[in-house]
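After the structure tokens below, expect a handful of questions from me.
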Amino acid sequence: MKKYFILLVIIFLNMASGLRAQDNLDSVLPVRGFCIGSPKPKDVDAFTKFIAEELAPRKVNTLIVRIDYNYQFKSHPEFVADSLTLTKSDVRKMVNACKKNNIRIIPQINLLGHQSWANHTGKLLSVYAGFDETPFLKMPEKYEWPNVDNLYCKSYCPLHPDLHKIVFDLVDEICDVFETNAFHAGMDEVFYLGEDKCPRCSGRDKAELFANEVRTVNNHLVGKNRQLWIWGDRLIDGKTTGLGMWEASYNNTYRAIDMIPKDVIICDWHYERADKTPVYFAMKGLNVITCPWRVPSLAVRQTEDMVNFRKESSKEMQPRFYGMMQTVWSDAGAFLDGFYENKKDDKGGDNTPWNSFKAMYEEINSLR
Ligand SMILES: [Zn+2]
């Protein structure tokens, strides 16, 4: 009898220490994220297994799935798929795996920018060409960068009167399917905004246009008790910081940092250096998450920075240093191949998203 009692006590103490470790990690890094392109239908089961077997044990608590139009939308069947897309039951599998493992799952659809890729027009502007901010600009046969049009990705016109009704139907539907209280709207790398040839936007302040779009999306989400997440690059002044035109803004949108609502979550990505921009966002009153990509040593340094920013800040600032998120820019299937086969990068090196993911989470779990 006594033996059983001791065993019970040991089990209880183990459980308590597990919970304490979790609490401790939550206070050191509230968000421990992983962001990836949605799986193709054939890869859903493998990805669901990855959630349970690789994300959960590493204490990942937030999963962003970049789904865009890789879903069979019921609200707008005009977005007919040109390849196999996920069904509700595919998404359910991911949602259930996350529920079981206490992971918050958040879908992403790119809003504003990223409405085309290379010479391929994205789904929204293929179906609704009128939403194009630069309809006069035809897609090239063969895409090259740099090019005379400064075409990186197309944008939608945020002032088109019919736009938000359709976009918000998609946002609501995907959030409902994901049973989520947050949505990631992308909004990164917006090169076309307030174009001179747009009858609605020409002459307007680009920072205001950007901030208004953030506010419009945020208001819609908040009305449904959902939180807006975006990438941070448009809010950083490229010229002054020297951070380049992808990682920061060269078209004056950066002033929007003082105009957007403070409850928007900023995902601050830096892939070549541990830039200290989280401090900037936090000082502006915004919650910020640092996002590495494929350099393991950098991901570790950025994690250490984030922890130190929290430690060495006032009690007002501390909670705004919100956490870390590994970003993966392929779909889930390609990542899983790399992860399980331990593939090298194109130069035969170890700078890969899977190695960055492993290194970052090793560092995070050493904080417990
Ligand atoms: Zn416009």
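The values are calculated or read from the model by the stated rules, or taken from the named source; none is laboratory data. Just so it is clear, the model here is predicted, and its values are computed rather than measured. We place every Cβ from the backbone using ideal geometry, glycine too, and count neighbours over all the protein chains shown.
Just to be sure, is residue 210 within 14 Å of the ligand (Cβ to nearest atom), among the hydrophobic types (A, V, I, L, M, F, W, C), modelled with pLDDT of 95 or more and part of a loop (DSSP other than H, G, I, E, B)?
Criteria not met by residue 210.
Across region 150-173, what is the total count of residues that are modelled with pLDDT of 95 or more, assigned to a loop (DSSP other than H, G, I, E, B) and not aromatic (Phe, Trp, Tyr)?
The total comes to 10.
Step by step: first the residues of region 185-202, then only those that are of a type outside the set (Phe, Trp, Tyr), out of contact with any strand residue (DSSP E or B) (no Cβ under 6 Å at 6 or more places or on another chain) and touching a residue at least 60 places away in the same chain (Cβ under 8 Å), then the one that is farthest from the ligand (Cβ to nearest atom). Which residue is that?
189
Go through region 96-129 residue by residue and tally those that are closer than 26 Å to residue 165 by Cβ, within 20 Å of the chain's Cα centre (by Cα) and part of a helix (DSSP H, G or I).
Number of matching residues: 2.
In region 122-165, what count of residues is obtained for those that are farther than 21 Å from residue 250 by Cα, surrounded by 18 or more Cβ atoms within 10 Å (Cβ to Cβ), among the aromatic types (Phe, Trp, Tyr) and away from the ligand (no atom under 12 Å from the Cβ)?
1
Okay, moving on. For region 60-67, indicate whether the set of residues that are buried (at least 22 other Cβ atoms within 10 Å of the Cβ) and hydroxyl-bearing (Ser, Thr, Tyr) is non-empty.
yes
Residues checked against (1) under 29 Å from residue 42 (Cβ atoms); (2) not acidic (Asp, Glu):
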{"site": "312", "(1), (2)": "no, no"}
{"site": "316", "(1), (2)": "no, no"}
{"site": "321", "(1), (2)": "no, yes"}
{"site": "330", "(1), (2)": "yes, yes"}
{"site": "335", "(1), (2)": "yes, yes"}
{"site": "339", "(1), (2)": "yes, yes"}
{"site": "345", "(1), (2)": "yes, no"}
{"site": "349", "(1), (2)": "no, yes"}
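From the list 274, 248, pick out the single residue that is within 22 Å of residue 109 (Cα to Cα) and of a type in the set (Gly, Ala, Ser).
None of the others qualify; the one that does is 248.
Same structure, new question: Kindly check whether there is at least one residue in region 224-245 that is within 16 Å of the ligand (Cβ to nearest atom) and surrounded by fewer than 22 Cβ atoms within 10 Å (Cβ to Cβ).
Checking region 224-245: not a single residue is within 16 Å of the ligand (Cβ to nearest atom) and surrounded by fewer than 22 Cβ atoms within 10 Å (Cβ to Cβ).
Can we say residue 214 is farther than 21 Å from residue 355 by Cβ and either buried (at least 18 other Cβ atoms within 10 Å of the Cβ) or of a type outside the set (Val, Ile, Thr) (or both)?
Judged against the criteria, residue 214 is a match.
Taking helices (runs of 4 or more DSSP H) that do not extend beyond region 261-368, which have at least 2 residues that are surrounded by fewer than 14 Cβ atoms within 10 Å (Cβ to Cβ)?
Fully inside region 261-368 and qualifying: 296-311, 332-341.
Using beta carbons and a limit of 7 Å, which pairs, at least six apart or on different chains, have the first residue in region 150-176 and on the phi < 0 side of the Ramachandran plot and the second one acidic (Asp, Glu) and away from the ligand (no atom under 16 Å from the Cβ)?
Short answer, once both residue conditions are applied: 152/189; 153/189.
Tell me the residue from 234, 301, 226 that is of a type outside the set (Val, Ile, Thr) and farther than 25 Å from residue 180 by Cβ, please.
301
Out of region 339-368, which residues are among the polar types (S, T, N, Q) and on the phi < 0 side of the Ramachandran plot?
If the condition is that a residue be among the polar types (S, T, N, Q) and on the phi < 0 side of the Ramachandran plot, then 351, 352, 355, 356, 365, 366 are the ones that fit.
Further question on the same structure: What's the number of the only condition in (1) within 16 Å of the ligand (Cβ to nearest atom); (2) touching a Ser or Thr at 6+ places or on another chain (Cβ under 7 Å) that residue 205 fails to meet?
Status for residue 205: all satisfied but (2).
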